[in-house]
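Novice: Questions regarding the structure given below will be posed in turn.
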Amino acid sequence: MTVLLLAAVIPPMLIGILVTSWYAGEILRKDAKKELADKGKNLAKFVGKWEESKTLALRNLSQQPDVIGMDSAKQKPILTKMVSVYKNSTLTATDTTGKVTSTSDKQDTSNYKDREWFKGAIAGKTITRQTLISRTTNKPRLCLSTPIREDKAPRPIKGVVVSCTDLTEVAKEVGTVSLGKTGYAFLVDNKGVVIAHPDPSITAKLLNVSTQPAVKALLQGKTGNFSFTDQGTNWLSYIIPLQNGWGVVVKQQESEVLQEATRFGQLASVLAVFGALAVGGITWWLASTLVRPIKELTVEAKAISTGNLDRRVKIDREDELGTLGVAFNKMAEQLQELIDVQVKSAMARSEIEKGRQIQKDFLPETLPQPEGWEIAAVFEPARQVAGDFYDSFPLVDGKIGVVIADVCDKGVGSALFMALFRSLIRAIAQQDYSDDRTALKNAMEFTNNYIATNHSRTNMFATMFFGVFDPKTGELNYVNGGHEPPIIMSPDGTKIRLKPTGPAVGMLPNLKFKVEQAQLKPGDILISYTDGVPEAKDTEAKFFTENQLLSLVEPPISSAISLLETLEAKVKQHIGKADQFDDITMLAVKRSQEK
């Protein structure tokens with residue numbers, strides 16, 4: 001009887017232990033990969049937003065008249081004011097020989113002609129990046145530079161403006177990423193040099209780790225979860241390249257991830273051994289009493305081994321079999337808890353979908369269609385929620401307002417600010433309307449001052465085009481706050497670009513926005529778009545480009561919506577199987593041809 005009972009209990013017990021241990025390990029491994037991915041993507045978003053805010057601020061700074069004038073006395077106040085907003089930074093302007101003309105720091109007489117950032121900018125590159133050890137602070141810094149150009153054609157280069165920022169803020173964010181005792185994150189540049197790491201001594205050396213397996217894979221263009229062995233240790237990691245050529249690596253030792261599954265297997269094995277010994281030791285005098293619970297335990301062990309985790313062993317005794325039953329029930333409960341985590345994750349995704357629908361409600365359900373005019377738009381967010389938005393609404397005397405904007409960064413944060421920007425612009429324009437130009441100026445300046453004053457710590461701002469046109473005359477008054485220049489195309493194919501008349505909205509308080517005027521004649525069409533259109537990337541990271549967009553805007557154009565649908569189809573065809581990197585938004589206004 002004892003042998004038969006042992007033969008009946010031990011095999012399914014061992015199978016149950018092996019299957020559940022493997023199953024638990026797979027769940028733990030999957031969860032760990034997801035956590036690595038989440039932390040990697042969040043860190044990548046932070047770094048992208050951090051650099052994007054500094055890049056856009058630098059480009060706007062280079063377009064300020066007092067900076068273009070190359071007058072040191074006029075440049076220095078602007079540089080000093082900008083540094084008060086962007087901490088741990090130094091702004092410097094040089095002439096075309098590399099000699100300093102003005103700086104936000106103490107007087108600097110250095111010549112920077114040997115710096116890579118100077119060489120790139122003076123060669124005409126829009127943004128040049130260089131990671132280096134500062135000559136003055138002896139700390140790692142990121143330097144971003146851009147040319148200072150004359151504001152009139154052919155726009156020759158007059159100098160260079162550079163922003164050099166300590167990587168302290170990025171290193172601090174990297175240091176907050178931790179997974180257990182062995183997991184951490186770090187940031188490398190396009191050559192594999194560590195520029196942010198939890199260990200400050202590694203960052204201080206600008207150590208090159210391009211031969212490490214995860215970094216090597218990152219530099220080869222790979223992205224996503226990546227498992228590797230380094231010096232005999234197995235690692236799970238997530239690698240993600242950034243648009244500027246940098247890369248984020250988050251990794252954790254696989255042994256730590258599977259530690260709980262290993263402990264469970266060991267505990268279950270020990271319990272199985274003791275349970276089997278207990279069964280064998282007492283079967284000879286309690287056979288009649290033990291047959292029923294052993295059979296029950298065998299049945300439930302088989303059920304659990306097949307993945308039926310709702311099954312439980314009924315415990316009505318306090319001996320070794322009772323202990324074994326408790327162990328089995330605990331095993332099933334732990335596995336069920338792991339599965340519940342996956343269910344909660346699905347519920348979180350459902351909540352994000354609700355947020356996407358709420359944000360969608362901020363966009364106009366229908367667009368105004370004054371007689372003789374057509375207004376159309378397309379909107380394709382890169383994620384569940386977006387930072388782009390468009391709007392069109394009636395004003396007094398039959399005037400129509402049109403808005404398109406791109407809030408910096410992506411995801412939930414930019415979506416919240418999208419709603420704020422949209423509400424402020426519409427409310428101020430409609431409530432404070434006296435004439436087109438006053439409404440435009442008041443709406444832009446009020447919105448700019450509100451965001452810059454009340455939300456300066458977030459470094460959130462938006463590029464925005466806001467126009468008001470008269471359907472009777474075709475007169476268009478507009479403000480372009482650092483946005484992609486819209487296109488006005490006439491029936492004969494002539495194109496006019498509506499260039500920026502002011503900086504991005506929300507960067508600094510008390511910025512000024514100039515109101516300009518254009519004319520929409522019969523047959524003309526106005527096309528505006530966000531940078532997600534020309535910067536859409538295919539699987540080889542090649543841009544769609546503005547030139548390709550312009551080549552598609554050619555007469556004859558039958559309607560505004562047909563043009564936008566054609567452009568949208570071409571952009572999606574270019575993206576192909578690649579992930580959509582940025583929101584795609586377009587707005588068009590077409591005036592009918594007079595009969």
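The values are calculated or read from the model by the stated rules, or taken from the named source; none is laboratory data. All of these numbers come straight from a predicted model, not from anything done at the bench. Cβ: placed from backbone, ideal geometry, glycine included. Neighbour counts: every protein chain shown. Note: accessible area is taken over every heavy atom of the protein model, side chains too, but ligands, DNA and RNA are not part of it. Shrake-Rupley method; radii C 1.70, N 1.55, O 1.52, S 1.80 Å.
Novice: Under the condition of being among the small types (Gly, Ala, Ser) and farther than 10 Å from GLY192 by Cβ, which residue from the range 205-220 is surrounded by the fewest Cβ atoms within 10 Å (Cβ to Cβ)?
Specialist: For the range 205-220, the residue satisfying everything is ALA217.
Novice: Considering SER53, SER84, SER89, SER110, which residue is within 26 Å of VAL505 (Cα to Cα) and more than 25 Å from the chain's Cα centre (by Cα)?
Specialist: SER84
Novice: Mind counting the residues in the range 136-155 that are within 25 Å of GLY48 (Cβ to Cβ) and open to solvent by 80 Å² or more (accessible area, probe 1.4 Å)?
Specialist: 1
Novice: Further, regarding this structure: Does THR182 satisfy being among the hydroxyl-bearing types (Ser, Thr, Tyr), touching a residue at least 40 places away in the same chain (Cβ under 8 Å) and open to solvent by 20 Å² or more (accessible area, probe 1.4 Å)?
Specialist: When the stated conditions are applied, THR182 passes them.
Novice: Going by what's in this entry, would ALA386 be described as at pLDDT below 85, buried (at least 17 other Cβ atoms within 10 Å of the Cβ), not aromatic (Phe, Trp, Tyr) and not in a helix (DSSP H, G or I)?
Specialist: yes
Novice: Hey, among the residues in the range 507-518 that are surrounded by fewer than 18 Cβ atoms within 10 Å (Cβ to Cβ) and in a loop (DSSP other than H, G, I, E, B), which one's farthest from the chain's Cα centre (by Cα)?
Specialist: Looking at the filtered set, the residue picked out is LYS514.
Novice: Is it the case that THR146 is assigned to a loop (DSSP other than H, G, I, E, B) and β-branched (Val, Ile, Thr)?
Specialist: Answer is no for this residue.
Novice: Which condition breaks for ASN138 when tested against (1) in contact (Cβ under 8 Å) with a residue 24 or more places away in the chain; (2) outside any helix (DSSP H, G or I)?
Specialist: If we test ASN138 against (1) in contact (Cβ under 8 Å) with a residue 24 or more places away in the chain; (2) outside any helix (DSSP H, G or I), just (1) comes out false.
Novice: Something else now. In the range 492-501, what count of residues is obtained for those that are over 26 Å from TYR433 (Cβ atoms) and open to solvent by 30 Å² or more (accessible area, probe 1.4 Å)?
Specialist: Counting residues in the range 492-501 that are over 26 Å from TYR433 (Cβ atoms) and open to solvent by 30 Å² or more (accessible area, probe 1.4 Å) gives 5.
Novice: Something else now. Conditions first: (1) in contact with a strand residue (DSSP E or B) (Cβ under 8 Å, 6 or more places away or on another chain); (2) open to solvent by 20 Å² or more (accessible area, probe 1.4 Å). ASN42 passes all but one, so which condition is the exception?
Specialist: Evaluating ASN42 over (1) in contact with a strand residue (DSSP E or B) (Cβ under 8 Å, 6 or more places away or on another chain); (2) open to solvent by 20 Å² or more (accessible area, probe 1.4 Å) leaves (1) as the failure.
Novice: Can you tell me which residue among ALA588, ALA560, ALA541 is of a type in the set (A, V, I, L, M, F, W, C) and exposed (fewer than 14 other Cβ atoms within 10 Å of the Cβ)?
Specialist: That would be ALA541, the only listed residue that is of a type in the set (A, V, I, L, M, F, W, C) and exposed (fewer than 14 other Cβ atoms within 10 Å of the Cβ).
Residue-by-condition table, conditions (1) among the β-branched types (Val, Ile, Thr); (2) surrounded by fewer than 19 Cβ atoms within 10 Å (Cβ to Cβ); (3) at pLDDT below 95:
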{"residue": "ASP435", "(1), (2), (3)": "no, yes, yes"}
{"residue": "ASN442", "(1), (2), (3)": "no, yes, yes"}
{"residue": "SER456", "(1), (2), (3)": "no, yes, yes"}
{"residue": "VAL468", "(1), (2), (3)": "yes, no, no"}
{"residue": "GLY474", "(1), (2), (3)": "no, yes, no"}
{"residue": "TYR478", "(1), (2), (3)": "no, no, no"}
{"residue": "SER490", "(1), (2), (3)": "no, yes, no"}
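Novice: Based on this model, can you work out whether ILE133 counts as open to solvent by less than 70 Å² (accessible area, probe 1.4 Å) and modelled with pLDDT under 85?
Specialist: Against the criterion (open to solvent by less than 70 Å² (accessible area, probe 1.4 Å) and modelled with pLDDT under 85), ILE133 qualifies.
Novice: Give the residues of the range 393-431 that are open to solvent by less than 40 Å² (accessible area, probe 1.4 Å), in a helix (DSSP H, G or I), of a type in the set (Val, Ile, Thr) and more than 17 Å from THR463 (Cβ to Cβ), sorted by residue number.
Specialist: ILE428
Novice: Testing ALA504 on (1) buried (at least 16 other Cβ atoms within 10 Å of the Cβ); (2) closer than 19 Å to ASP582 by Cα; (3) of a type outside the set (D, E, K, R); (4) without any contact (Cβ under 8 Å) to a residue 24 or more places away in the chain, one condition comes back false. Which one is that?
Specialist: Going through the list (1) buried (at least 16 other Cβ atoms within 10 Å of the Cβ); (2) closer than 19 Å to ASP582 by Cα; (3) of a type outside the set (D, E, K, R); (4) without any contact (Cβ under 8 Å) to a residue 24 or more places away in the chain, ALA504 breaks only (4).
Novice: Still on this structure: Just need a number here: residues in the range 234-253 that are of a type in the set (A, V, I, L, M) and not in a strand (DSSP E or B).
Specialist: Qualifying residue count, the range 234-253: 1.
Novice: While we're looking at this one, here's another question. State yes or no: is LYS570 among the basic types (Lys, Arg), open to solvent by 60 Å² or more (accessible area, probe 1.4 Å), assigned to a helix (DSSP H, G or I) and free of Cβ contacts under 8 Å to residues at least 60 places away in the same chain?
Specialist: Spelling it out, LYS570 is indeed among the basic types (Lys, Arg), open to solvent by 60 Å² or more (accessible area, probe 1.4 Å), assigned to a helix (DSSP H, G or I) and free of Cβ contacts under 8 Å to residues at least 60 places away in the same chain.
Novice: Please tell me if THR97 is polar (S, T, N, Q) and part of a loop (DSSP other than H, G, I, E, B).
Specialist: It is true that THR97 is polar (S, T, N, Q) and part of a loop (DSSP other than H, G, I, E, B).
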